[in-house]
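A short worksheet on the structure shown next.
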Amino acid sequence: MRIFVTGASGFLGSYLVTDLVARGHEVVVLLRPASSDWRLGEVRDRLQVVAAGLDDLSGLRGALRAFAPEAVVHMAWRGVAGADRNSPVQATNVADTVRLADLAAEAGAKIFVGAGSQAEYGPYDRAIREDDAPRPTTLYGMAKLAAGSMALRLCEERGLRAAWLRIFSTYGPNDADHWLIPSMIRNLRSGQHMALTACEQRWGFLHARDAASAFRLAITHDAANGIFNVGSPDAPPLRETVTRLRDLVDPGAVLGFGELAYRPDQVMVLAADVSRALALGWKPEVSLDEGLRETVNWHDATTSSRKSS
């Protein structure tokens, strides 16, 4: 297939385009001229790159018309880090998403797939289903909800098959340093103390390769319509997960459980009901132990490479 992807230099975007190229799809990616593409690694030379941003309307329209993609996948998003979750920039993302869906239809695409978020749901005390009422508590969650709702509606009117994948917690090599797993590996490897909350949450982590395979299925499966949860079907206590990670990095390290307070809007259960994705044939393949070990090994190799250079 001919597939146009935004956000390809991001964490999940890089996994997706690597997956698609490995399976023989022709992929064009939209990259801002100033963006870093280090996550794309060796696959970078097998991609066609459009050097433009989502706000470059003429460049975006021209690229889509020239490529004539069968599918457009939207994974770019401003303000993903926690500090930006309540930034006004979130509103810009809604306009970007709807405009891209409109341009995709104009270019003759038949499929639109977008990256949503579990933040659209807000807190629940059990596994979340796609038909649960959304109750977002941040501008980020509100913007994702609005963007997905509007894009799905526009695609329905324009005759595109559309899927909006709400992503729960993901992890793996190449993740941003500020998230829990990479920051914990970095701190423990450098001998720093790791202060934590009591870690009483039930939290599911999905490897990025498994998230990428869910997006690939949404692109290629004719029955992939509407909203899908993409997350781990298992949500063990967070204390168990961080203890397993500690044992891989530094078994003798003392973890500072309870030294940090929970946020006022702390989510205590992050568990995804993924029945809809499973029904299409998706199945996570990377166990948590395997994925944590791979991630630790990648961090160690990256640190060694930096030191030697």
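The values are calculated or read from the model by the stated rules, or taken from the named source; none is laboratory data. What you are looking at is a predicted structure, and each value in this text was computed from that prediction instead of being measured. Heads up, the Cβs are rebuilt from the backbone with ideal geometry, glycines too, and the neighbour counts pull from every protein chain shown. These accessible areas exclude ligands, DNA and RNA; they are computed on the full protein's heavy atoms, side chains included. Shrake-Rupley method; radii C 1.70, N 1.55, O 1.52, S 1.80 Å.
The table below gives the values:
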item: Conditions (1) buried (at least 24 other Cβ atoms within 10 Å of the Cβ); (2) under 20 Å from the mean Cα position of the chain (by Cα); (3) of a type outside the set (S, T, Y); number of the one not met by C155; result: (2)
item: Considering residues of the stretch 177-188 that are of a type in the set (A, V, I, L, M, F, W, C) and open to solvent by less than 20 Å² (accessible area, probe 1.4 Å) only, the residue nearest to the chain's Cα centre (by Cα); result: I181
item: Condition check for D250: modelled with pLDDT of 95 or more, of a type in the set (D, E, K, R) and touching a helix residue (DSSP H, G or I) at 6+ places or on another chain (Cβ under 6 Å); result: yes
item: Residue match in the stretch 202-218 (condition: touching a residue at least 40 places away in the same chain (Cβ under 8 Å), open to solvent by 50 Å² or more (accessible area, probe 1.4 Å) and of a type outside the set (D, E, K, R)); result: no
item: Any hit, the stretch 114-135, residues being open to solvent by less than 20 Å² (accessible area, probe 1.4 Å), at positive phi and part of a loop (DSSP other than H, G, I, E, B); result: yes
item: Selection count where residues are more than 23 Å from K144 (Cα to Cα) and either open to solvent by 40 Å² or more (accessible area, probe 1.4 Å) or of a type in the set (D, E) (or both), scope the stretch 63-82; result: 3
item: Qualifying residue in the stretch 136-150 (condition: open to solvent by less than 60 Å² (accessible area, probe 1.4 Å), closer than 15 Å to L206 by Cβ and outside any loop (DSSP other than H, G, I, E, B)); result: no
item: Selected residue (criterion: nearest to R158 (Cα to Cα)) from residues of the stretch 73-130 that are out of contact with any helix residue (DSSP H, G or I) (no Cβ under 6 Å at 6 or more places or on another chain) and of a type in the set (S, T, N, Q); result: T92
item: Hey, R32 open to solvent by 60 Å² or more (accessible area, probe 1.4 Å), under 19 Å from the mean Cα position of the chain (by Cα), basic (K, R) and more than 19 Å from I219 (Cβ to Cβ) or not; result: yes
item: Entirely in the stretch 13-90, the strands (runs of 3 or more DSSP E) that have 3 or more residues that are closer than 23 Å to V230 by Cα; result: 71-74
item: Neighbours by Cβ (under 8 Å, 6+ apart or cross-chain): first from the stretch 241-264, within 19 Å of G172 (Cα to Cα); second among the charged types (D, E, K, R); result: R244/D289; L248/R293; V249/R189; D250/R189
item: Meets criteria (open to solvent by less than 30 Å² (accessible area, probe 1.4 Å), part of a helix (DSSP H, G or I) and in contact with a Ser or Thr (Cβ under 6 Å, 6 or more places away or on another chain)) for A104; result: no
